[in-house]
1. Taking Gln140, is it at pLDDT below 90, at negative phi and surrounded by 10 or more Cβ atoms within 10 Å (Cβ to Cβ)?
2. Do you know which residues across region 55-89 are surrounded by fewer than 13 Cβ atoms within 10 Å (Cβ to Cβ) and either in a helix (DSSP H, G or I) or modelled with pLDDT of 90 or more (or both)?
3. Looking for whichever is assigned to a helix (DSSP H, G or I), more than 30 Å from Ala9 (Cβ to Cβ) and within 30 Å of the chain's Cα centre (by Cα) here; the options are Ala117, Ala131, Ala145. Which one fits?
Amino acid sequence: MSSAVLYLAIVAVWAIVLVPMWLRRDTEAGISRLLHKRTEEPAEAEEPAEEPETQEEPPRRRTGRATIIARRRRRTSGLTLLVLTAVAVVTSGLAPWWIILPPTVLLAGHLSLLRVAVGMDTARRRAEAEARALARAKAQEARRAAQTAQTTEPAEIIELPTPEEVFDQYADDRRAVGE
């Protein structure tokens, strides 16, 4: 009877881990990538071996913040459900006490990774806020500099004194140097 519960626990863990992976992989991009590879396979067989392969990567969609949080919640709730199921199985007497250990270790590891992720998210948000504040300060400084440049008085024009005698090389009374 305990081996059946052990197999059931293994199936539950695999279902919690693999089903979301399969669902994520079978998105529209994944299906189109598979279809794209199938259409290229016969063409690759006809090409000579010296020709370089140019394989285009499909554009990857950026994962948003809400998607990451939803994924974390699903993992946390799935692991919590697994721990509760293991506790229920042990309390009913269907399995030994050590059946609780693997899901508990998984949940504890997941929670510790979440703690690190929250710290990284906080640091990233703080750095982004500081960068925005710095950009705002630079833009404000540039606006102030532009305003002061517009409001300053025009430059004062100074008249230079003209010498009384201007040298003219074509004048009639030219002298040689030293005369």
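1. Taking the combined requirement at face value, the residue does not satisfy it.
2. The answer is Arg65, Ala66, Thr67, Ile68, Ile69, Ala70, Arg73, Arg74, Ser77, Leu84, Ala88.
3. Ala131
The values are calculated or read from the model by the stated rules, or taken from the named source; none is laboratory data. Everything quoted here is computed from the prediction, not taken from an experiment. Counting neighbours? That spans all protein chains shown, and the Cβs are built from the backbone with ideal geometry, glycine included.
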